Amino acid sequence: MMHIRPLYRLCLPLCVVLAGCAGAPAPDTVPGPAPLPRTDSAPSAPVPAPARPGGFYLDDGPGDSPLDEASLAAIPDAQPRDEALHRFANRPYSALGMDFVPMTERKPFHQRGRGSWYGRKFHGQKTASGEPYDMYGMTAAHATLPIPSYVRVTNLSNGRSVVVRVNDRGPFKPGRVIDLSWTAAAKLGYVAQGSTEVSVEAVFPEGSPADLLARRAAGTPEIRRAPPTAQDDAIAALADETADRPGIWLQLGAFSALDNAQTLRSRVAQSVADLAGRLLVLSDGSHHRLHAGPFENRDAAMSAAQALRERLGVDALLISR
C-alpha cells in the first residue's frame with residue numbers, strides 16, 4: 001500500500017501518509033461487479049470519482065480490460081519460499097498517529113478481521129519492501145507481519161482461500177487487518193464489496209523450521225524436505241496426460257499444497273456421489289488444481305456446480321477446452 005518510514009524518520013510529511021491509507025475502496029462506495037483486467041495490460045489512466053453512489057474510492061479501482069473468471073482462477077497462489085527478512089522494512093514505524101512494531105521472526109500467526117484491497121491508484125508505486133506494487137500479483141500489505149512473509153487468507157463468507165506474499169505495510173483504517181492486491185481480492189470474490197471478513201494464517205515453505213514449529217503447535221503431521229520422488233514424477237505425468245483432454249469441466253479449487261487439493265477431492269467424493277468418478281487433481285509440481293468432468297454439456301456441468309454450492313459451499317468455475 002505504501003512505504004512507511006521508520007521511527008527515526010518521523011519527519012515524513014503527513015500528506016504522504018494520508019495518500020497511502022486510501023488504497024482500498026470504501027465498502028459503501030463501491031459498484032456492482034467490475035470488469036476483470038488482463039494481467040499483461042498496463043493500468044488505465046485514473047478516472048474521476050463518480051457523482052453517484054456506487055463508484056470506487058477516488059481514482060482507485062481495477063483496470064478496464066476484462067479477464068474471464070476461469071483465467072483469473074488459473075492465476076497461481078504465491079509459493080512460500082525461504083527469503084531473508086528485509087533489512088529496513090521490519091523496523092518500528094509510525095502511521096496516522098499510531099506506532100507499530102513489526103515481527104522480526106517467522107512463527108505461527110492467526111488473525112481474523114476485515115480484509116480490504118488496493119488497486120490501480122498505487123499500481124507501480126514502491127511498497128515498503130522497495131518493490132513496485134503490482135495490482136495483478138498475489139501480494140498483500142500488513143501492519144506487523146515480517147516482510148517478506150506468506151499468509152493464507154480465507155474469505156469467511158464463501159470459504160475461498162489464497163496464499164499471498166506480504167511485501168507492504170497497511171492498512172491503517174480501524175478494523176482492517178490486511179490489504180490484498182486487486183487480483184487476490186478478486187480470486188476471493190470480494191472486489192465489489194470492497195472488504196469482507198477474513199482469516200489470516202502464516203504459511204511457510206514445507207519442511208522449513210517455521211513450518212515444523214507450526215505443525216507441532218497445530219498437532220498435524222510434520223513434513224520434512226526431501227528430493228522429488230517417483231510419486232511426484234507420476235503426478236506430473238498425469239497432469240501432462242490430462243491437461244488437454246477436451247470437454248466441459250469444473251474447476252473446484254487451485255492450491256499451492258497438494259494435500260489441500262486431495263482433501264477437497266475427498267470431501268467432494270463423499271458429499272456429491274455423482275462426481276466421485278469425475279474428480280481429477282492436475283499438478284505442475286508446485287500448483288495443484290481440482291477439476292471435475294468432463295460433462296456431456298453445459299447444463300450438466302451447471303447442475304453439478306449447483307450441487308457443490310448447496311452441499312459444500314464450493315463455487316466452481318466452468319471451463320471449456
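The values are calculated or read from the model by the stated rules, or taken from the named source; none is laboratory data. Quick caveat: nothing in here was measured; it's all calculated off a predicted structure. As a convention, Cβ positions derive from the backbone with ideal geometry for all residues, glycine included, and neighbour counts pool all protein chains shown.
Can you pull out the residues in region 99-130 that are surrounded by 18 or more Cβ atoms within 10 Å (Cβ to Cβ) and outside any loop (DSSP other than H, G, I, E, B)? Across region 99-130, the qualifying residues are Arg114, Gly115, Ser116, Trp117, Tyr118. Any residue that is of a type in the set (Phe, Trp, Tyr), assigned by TED's automatic domain parsing to the domain that holds Ala141 and either within 30 Å of Ala140 (Cα to Cα) or modelled with pLDDT of 60 or more (or both) - is there at least one of those in region 254-277? Checked against the condition, which is being of a type in the set (Phe, Trp, Tyr), assigned by TED's automatic domain parsing to the domain that holds Ala141 and either within 30 Å of Ala140 (Cα to Cα) or modelled with pLDDT of 60 or more (or both), region 254-277 yields no hits at all.
A single member of Ala184, Ala237, Ala217, Ala210 is loosely packed, with under 12 Cβ neighbours inside 10 Å, hydrophobic (A, V, I, L, M, F, W, C), part of a helix (DSSP H, G or I) and modelled with pLDDT of 60 or more, and it is Ala217.
For region 158-181, filtered to residues that are more than 15 Å from the chain's Cα centre (by Cα) and small (Gly, Ala, Ser), the residue that is modelled with the lowest pLDDT is Gly175.
Quick check on my filter: what residues within region 147-166 are surrounded by 22 or more Cβ atoms within 10 Å (Cβ to Cβ) and touching a Leu at 6+ places or on another chain (Cβ under 9 Å)? Across region 147-166, the qualifying residues are Ile147, Pro148, Ser149, Val151, Val153, Val162, Val164, Val166. When the criteria are applied in full, Val191 fails the requirement of being part of a strand (DSSP E or B) and not basic (Lys, Arg).
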